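The values are calculated or read from the model by the stated rules, or taken from the named source; none is laboratory data. Since this is a predicted model, take the numbers as computed values, not measurements. Neighbour counts are summed over all protein chains in view; Cβ atoms, including those assigned to glycine, are modelled from backbone coordinates with ideal geometry.
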Ligand SMILES: Cc1ncc(COP(=O)(O)O)c(C=O)c1O
C-alpha cells in the first residue's frame, strides 16, 4: 500500500474528529526513531504523545509482551492474573510514599474518571476543583475537568455539575501580571475564593491538578504553590489528586513530577508511559482511601490486561536498569542550557522551561503576541528535516520537547541543531 493510499483510506473511513499531527505513515519504530512507509527516518521527539518513554519497541518490553501473549491474553476480572498483581507490587515501590493500592484501566481519561469517582465515594462529597489550562481527557467526566481549550468542551454542554476551575499557576503568562521571582503565589487566593463564594469546603471531594501542565503549555506549577495547595486540602479534608498521566513514568527525571515539590498526593492517575504503548492506565491511592471504595463501586473488563501489565512491568525494569531517570535529568539539563543560550540569540523565544525531558519552548511574534503562525512553520521545517516535535498551549505556540528518556546527548544535540535551524 502506498503512502497516498493509506492516507486516503484513513481519511475516508476514520472519523474527521481525529486530528493527526503529521502525514507520516509509521511502518516501524525503534528507540527514538520512527520509520515512515516512504523510507524516511524521523527522530520522534513526541514519543507518540509522551508514551514511548523507554523508546519505541524496546526489546525487553517486546519480549515480556510476547511471552505473556503465548500464555494468557485476557483475564477480565473473572480470574486473577500474575502480571497484573506483580505490576501493582512494582507500582507500590515507585509511586509516592503511602500509595499502595491500584485500579487498572485502559486510558488516561478512564483513570481520571476512576479517580474522581473514588474521591466522591471516599469523602461522600460532590464538589471537584480543577484548573483553567488543565487537560484531563475527553470522556464526559474527564472533559468536565479539562479546561485547556474551550474547543474540547464545545458541543458537549451541559457537563458534570459541581466542577469549579481555579487558574493554573502558569507563571510565564501570569493572569495577575506577576513575575515568577517576586510572586508569592497570589493566584491561590482565587481557589480560596471559590471555597468562600461558590462551594463550601466541606462539600469538596477533591482538587485535581497536573503537576506539570501538559496540553495546556508544558509549564510546571511552582513547588511552593503545590505545597500550599496540599496544605489547604489537608486542612479542609479535600483529597489531592495528582494527574500524572503525561508527567509520570520518568518524564521529568523523577518517577512522578509531584516529587519535585515534595508533595504526597492522596490519589494519583497514570497512563501514557506506563506500558510503552500498550493500553493501560491506573489510579493509585493509599489503602486507607481505597478501602472506602466498596466492591462493585467501580469495575472494568479490559483494565489490568495481562499483556499490557507484563509490558508495564518490563517498562519499569528498563527505566531502573538503564538509569533513565538519571538520563532524563542529565540530557534534559543539557537541552535546557542549550535552549536558554538560543533564547539569548533569538528574542522571539519568549520562554524556555522544563523538568527532565518535559521541556516547553514558547515562541512569540515580533510584537510579543503568541507566535502561533511562527510555531507552525518551525514544526513543519523540523519535520522536513526528520524531527517530529508537536506543540501545545492554548495558542499552539509552545514546542513540547518530550523525546524518549533513552535519548543521549549527541542525539539531543542533533535535534536541537535542527530545531534552531528551523527557528531562524
Ligand atoms: C494529564 C493528562 N490527563 C489525562 C489525559 C487523557 O489521556 P487519554 O488520552 O489516554 O485518555 C491526558 C492526555 O493527553 C493528559 O495529558
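Just wondering, is there one or more residues in region 57-77 that are assigned to a loop (DSSP other than H, G, I, E, B), within 21 Å of the chain's Cα centre (by Cα) and farther than 24 Å from residue 378 by Cα?
There is at least one residue in region 57-77 that is assigned to a loop (DSSP other than H, G, I, E, B), within 21 Å of the chain's Cα centre (by Cα) and farther than 24 Å from residue 378 by Cα.
Here are some residues: 166, 147, 130, 88. Which one is at pLDDT 95 or above and part of a helix (DSSP H, G or I)?
Result: 88 is the single residue among 166, 147, 130, 88 that is at pLDDT 95 or above and part of a helix (DSSP H, G or I).
Let me confirm something: among 404, 347, which residue is over 23 Å from the mean Cα position of the chain (by Cα) and farther than 22 Å from residue 221 by Cα?
347
Look at region 235-258 and say how many of its residues are on the phi > 0 side of the Ramachandran plot and either in contact with a helix residue (DSSP H, G or I) (Cβ under 6 Å, 6 or more places away or on another chain) or near the ligand (Cβ under 10 Å from one of its atoms) (or both).
Number satisfying all stated conditions: 3.
Take the residues in region 185-199 that are in a loop (DSSP other than H, G, I, E, B) and either free of Cβ contacts under 8 Å to residues at least 24 places away in the same chain or in contact with a strand residue (DSSP E or B) (Cβ under 8 Å, 6 or more places away or on another chain) (or both); name whichever of them is surrounded by the most Cβ atoms within 10 Å (Cβ to Cβ).
For region 185-199, the residue satisfying everything is 187.
With respect to residue 310, is the statement that it is outside the structural domain of residue 98 (by TED's automatic domain parsing) and more than 30 Å from residue 365 (Cα to Cα) true?
In short, no.
I'm told residue 26 meets every condition in (1) out of contact with any strand residue (DSSP E or B) (no Cβ under 8 Å at 6 or more places or on another chain); (2) surrounded by fewer than 18 Cβ atoms within 10 Å (Cβ to Cβ) except one. Can you identify the failing condition by its number?
For residue 26, the failing item is (1).
For region 295-347, what are the residues that are surrounded by fewer than 15 Cβ atoms within 10 Å (Cβ to Cβ) and under 16 Å from residue 104 (Cα atoms)?
295, 296, 297, 299, 301
Is it the case that residue 138 is in contact (Cβ under 8 Å) with a residue 24 or more places away in the chain, surrounded by fewer than 21 Cβ atoms within 10 Å (Cβ to Cβ), in the same structural domain as residue 246 (by TED's automatic domain parsing) and away from the ligand (no atom under 16 Å from the Cβ)?
Considered against the rule, which asks whether it is in contact (Cβ under 8 Å) with a residue 24 or more places away in the chain, surrounded by fewer than 21 Cβ atoms within 10 Å (Cβ to Cβ), in the same structural domain as residue 246 (by TED's automatic domain parsing) and away from the ligand (no atom under 16 Å from the Cβ), residue 138 comes out as no.
Mind listing whichever residues of region 149-164 are under 20 Å from residue 190 (Cα atoms), in contact with a helix residue (DSSP H, G or I) (Cβ under 9 Å, 6 or more places away or on another chain) and surrounded by 15 or more Cβ atoms within 10 Å (Cβ to Cβ)?
162, 163, 164
If I filter region 383-394 for residues that are part of a helix (DSSP H, G or I), more than 24 Å from residue 273 (Cα to Cα) and at pLDDT 95 or above, do I get at least one hit?
Yes: one or more hits.
Only one of (1) part of a loop (DSSP other than H, G, I, E, B); (2) more than 14 Å from the ligand (Cβ to nearest atom); (3) under 20 Å from the mean Cα position of the chain (by Cα) is not met by residue 158, so which one is it?
(3)
Kindly provide the set of residues from region 4-46 that are in a helix (DSSP H, G or I) and either under 23 Å from residue 377 (Cβ atoms) or in contact with a helix residue (DSSP H, G or I) (Cβ under 8 Å, 6 or more places away or on another chain) (or both), ordered by number.
Within region 4-46, 7 is the sole residue that qualifies.
Looking at region 268-280, which of the residues that are surrounded by 24 or more Cβ atoms within 10 Å (Cβ to Cβ) and more than 18 Å from residue 89 (Cβ to Cβ) is farthest from the ligand (Cβ to nearest atom)?
Checked region 268-280; the qualifying residue farthest from the ligand (Cβ to nearest atom) is 276.
Quick grid of which residues meet (1) within 10 Å of the ligand (Cβ to nearest atom); (2) assigned by TED's automatic domain parsing to the domain that holds residue 237; (3) within 30 Å of residue 82 (Cβ to Cβ):
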| site | (1), (2), (3) |
| --- | --- |
| 105 | yes, yes, yes |
| 108 | yes, yes, yes |
| 122 | no, yes, yes |
| 128 | no, yes, no |
| 132 | no, yes, no |
| 142 | yes, yes, no |
| 148 | yes, yes, no |
| 153 | no, yes, no |
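Counting only residues that are buried (at least 17 other Cβ atoms within 10 Å of the Cβ) and within 20 Å of residue 292 (Cβ to Cβ), how many does region 93-109 have?
Qualifying residue count for the region: 9.
Test residue 254 against the stated conditions and say whether it is assigned by TED's automatic domain parsing to the domain that holds residue 203 and without any contact (Cβ under 8 Å) to a residue 40 or more places away in the chain.
no
Any residue that is touching a residue at least 60 places away in the same chain (Cβ under 8 Å) and either away from the ligand (no atom under 16 Å from the Cβ) or outside the structural domain of residue 360 (by TED's automatic domain parsing) (or both) - is there at least one of those in region 227-234?
Checking region 227-234: not a single residue is touching a residue at least 60 places away in the same chain (Cβ under 8 Å) and either away from the ligand (no atom under 16 Å from the Cβ) or outside the structural domain of residue 360 (by TED's automatic domain parsing) (or both).
If the requirement is being more than 30 Å from residue 262 (Cβ to Cβ), touching a residue at least 24 places away in the same chain (Cβ under 8 Å), in the same structural domain as residue 246 (by TED's automatic domain parsing) and away from the ligand (no atom under 16 Å from the Cβ), which of these qualifies: 84, 97?
From the options 84, 97, the qualifying one is 84.
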